[in-house]
Amino acid sequence: MSVFPVVANGSGEPQQVPGHVLSIFVYGTLKSDQCRATCWPRQPTRVLSGWTLGRLFDLGSYPALLPGADRVLGEIWQFRAADMPETLCILDRIEGTDQPGEPNLYNRCIVPAIGFDQSVARPAYTYVWAHPEQLNQAFYIVPTIELAGARYASWPGG
C-alpha cells in the first residue's frame, strides 16, 4: 500500500487540500450501508465500489487498515473541490484525526484507490490505523471474497 501521510495543521479546522485529490476511500463504518453513512456533511458527486491495498483488521464495531499487499474492498466517494475541506474536517473528527490535544486514532493518508468501473488508480484520502502495535490481539481479515479472479478482504464479514 502506498501511503503518503497528509500534514495536518493541528487546529481541527478545515484546511486547504490538494486540488487533485477529490476522492475518499472508505472501508468501514462510513460506507453507504453502514452506521455512519449519514455523517457525511456534503453530498458526493459519485460513489463507486472499489479497492485499495492494505491489511484489514476487525476491531469489533469498526475496522482498522494498515499498509499491506491485500486487496481491501470499500467505496470511493468523489466530491467537488469546494466540498473537500469541510468533508475532511468532519471525517477527521469522526476518525479521531488531528484533534487538538488528542493522539490520533487514525492518520489521514493518500492512497491509490481503484474503482471497479476502471482499472486506473486514482488518489484518494483514507484513514489508516495509527497504532499498529495495538493490533496484536485483533482479528486479521483474510481476503476471501473472490471477484474477477482476485481475492479481497472486506469489513464486516468476509
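Data for the structure
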quantity	calculated
Hits in segment 143-153 (condition: in contact with a Leu (Cβ under 9 Å, 6 or more places away or on another chain) and at pLDDT 95 or above)	Pro143, Ile145, Tyr152, Ala153
For Ala69: the one exception among (1) more than 13 Å from the chain's Cα centre (by Cα); (2) within 18 Å of Val120 (Cβ to Cβ)	(2)
Matching residues in segment 110-134 - criterion: being farther than 17 Å from Tyr62 by Cβ, hydrophobic (A, V, I, L, M, F, W, C) and either touching an Asp or Glu at 6+ places or on another chain (Cβ under 6 Å) or touching a residue at least 12 places away in the same chain (Cβ under 8 Å) (or both)	Ile110, Val111, Ala113, Ile114, Phe116, Ala124
Residue satisfying all of: in segment 3-27; among the aliphatic types (A, V, I, L, M) and assigned to a loop (DSSP other than H, G, I, E, B); modelled with the lowest pLDDT among these	Val7
Flag if Thr126 is modelled with pLDDT of 95 or more and either within 30 Å of Pro85 (Cα to Cα) or buried (at least 20 other Cβ atoms within 10 Å of the Cβ) (or both)	yes
Long-range neighbours under 6 Å by Cβ, at least six apart or interchain, first residue on the phi < 0 side of the Ramachandran plot and acidic (Asp, Glu) within segment 71-83, second surrounded by fewer than 20 Cβ atoms within 10 Å (Cβ to Cβ) and assigned to a strand (DSSP E or B)	Glu75/Val47
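Residue by residue, here is whether (1) modelled with pLDDT under 95; (2) of a type in the set (Phe, Trp, Tyr); (3) in contact with a Pro (Cβ under 7 Å, 6 or more places away or on another chain) holds:
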| site | (1), (2), (3) |
| --- | --- |
| Cys35 | yes, no, no |
| Gly54 | no, no, yes |
| Arg71 | no, no, yes |
| Thr87 | no, no, yes |
| Ile90 | no, no, yes |
| Arg108 | no, no, no |
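The values are calculated or read from the model by the stated rules, or taken from the named source; none is laboratory data. What you see is a predicted model; the values in this text were computed from it and never measured. Please note: Cβ atoms are built from the backbone with ideal geometry, for glycine as well, and neighbour counts cover all protein chains shown.
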